[in-house]
Amino acid sequence: MQNGKTAIVTGASGGIGAAIVRKLAADGYNVAILYGGNREKAEAVRQDICDNTDVRAEIYACDVADAAQCKAVVAEIIAAFGSIEVLVNNAGITRDNLILTMREEEFDAVINTNLKGCFHMIQSCCKHFLRKKYGKIINIASVSGLLGTAGQANYAASKAGLIAMTKTAARELAGKNICCNAVAPGFIETAMTQDLKNREQYLNSIPLKRAGQPEDVANTVAFLASDASDYITGTVIRVDGGLAI
Ligand code: NAP
């Protein structure tokens with residue numbers, strides 16, 4: 001049943017984003033499904049939601065690295081849905097390489113999508129949340145941003161930056177009843193992790209001895225989007241099977 005709230009999820013054509021948008025729709029949120037380049041996947045997610053729930057679901061192309069696109073798409077969503085209550089910044093990429101050989105384009109692409117992309121979306125939604133005196137911002141970080149990971153100087157820095165941005169937004173916006181939290185997944189089975197080398201060795205280093213599923217992350221996001229988390233802001237919840245203990 002519809003709950004009267006609208007959620008935006010970026011990167012909702014991908015593994016974790018699709019699970020998040022499906023879970024929020026199942027919980028009654030109208031959903032704006034944002035995708036980067038993969039319209040077909042986004043449309044399949046939308047169709048599935050429309051077949052299985054009574055919420056409104058629309059797809060929007062948006063390169064989060066482009067500030068103007070973020071601003072325009074948020075304005076379009078507010079006009080179409082009437083309001084936004086939840087923003088989930090999930091879009092992200094990897095361009096792994098050792099520091100010694102990492103190219104500047106690889107560094108910049110990851111920072112521009114994973115870190116600046118979240119900034120663009122938060123800035124685009126901020127005024128609307130401030131006027132409403134309500135908002136839930138949930139940023140998908142990574143345990144890489146807590147621990148560092150060899151071969152991921154760009155990615156780990158983007159996610160560590162995102163955690164710092166989460167805490168800053170939480171401090172800046174708390175006075176207007178806007179909460180901002182991060183979720184830090186460990187190893188989740190998606191396209192991003194399908195080519196992982198030393199898979200068995202990696203799984204063995206996880207205390208729960210298995211990879212996580214996109215739904216594990218989606219359940220935590222749903223909690224942070226809900227009223228049950230109203231007194232939680234500026235925190236990072238790990239969904240990692242104990243990997244970063
Ligand atoms: P994925 O399946 O590769 O999905 C990535 C999503 O990001 C896709 O929907 C993609 O859209 C979108 N995207 C990429 N660049 C974009 C851009 N410039 N503008 C807008 N959208 C863009 O990856 P995933 O595993 O679901 O990852 C989702 C998030 O979880 C990421 O932030 C990732 O860093 C984080 N995470 C994942 C893991 C893991 O183990 N999988 C662990 C920790 C954190 P298109 O395909 O439409 O271009």
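Please treat every number below as a calculation from the coordinates, not as lab data. All values derive from a computational prediction rather than experimental measurement. All Cβ positions, glycine included, derive from the backbone under ideal geometry; neighbour counts span all protein chains shown.
Value of Rg to Rh for the stretch 2-118, rounded to two decimals, is 1.03; Kirkwood radius and Rg both from alpha-carbon coordinates. Of the residues 135, 86, 3, the one whose Cα sits farthest toward the positive end of the charge dipole of the chain, with +1 on the Cβ of Lys and Arg and -1 on the Cβ of Asp and Glu, is 135. A dipole drawn for the chain from +1 and -1 charges on Cβ atoms has a positive end, and of 191, 123, 107 the residue lying farthest that way is 123. A Förster radius of 30 Å combined with the Cβ-Cβ distance from residue 3 to residue 174 puts the calculated FRET efficiency at roughly 0.80.
Pairs of lysines in the stretch 6-239 whose Cα atoms sit within less than 13 Å of one another amount to 7, provided the residues are eight or more positions apart or on different chains.
Taking 0.36 nm per intervening residue step and subtracting the Cα-Cα distance, what contour gain separates residue 131 from residue 95 on full extension? Present the calculation step by step, with values, prior to reporting the outcome.
Working: separation 36, 0.36 × 36 = 12.96 nm, distance 3.80 nm.
Value of the extension gain: 9.2 nm.
Using a simple charge model, +1 on the beta-carbon of Lys and Arg, -1 on the beta-carbon of Asp and Glu, nothing else, what dipole does the stretch 2-116 show about its Cα centre, in debye to the nearest 20? Each step should come with its number before you reach the end.
Working: 11 positive and 16 negative charges, 43 e Å.
It comes to approximately 200 debye.
Available extension along the chain between residue 204 and residue 245 is 13.3 nm, counting 0.36 nm per residue and deducting the alpha carbon span. Cross-link reach is defined here as a Cα-Cα straight distance under 12 Å, omitting same-chain residues fewer than 8 places apart; for residue 5 the aspartates and glutamates meeting it are 27, 85, 227.
Summary of the geometry: the stretch 48-79 and the stretch 185-245, compared by the centres of their Cα atoms, lie 25 Å apart. Once the Cα-Cα distance is subtracted from the 0.36 nm per residue extended length, the residue 68 to residue 191 segment shows a gain of 41.5 nm. Over the chain, the alpha carbon radius of gyration divided by the compact-protein estimate 2.2 N^0.38 Å works out to 0.96.
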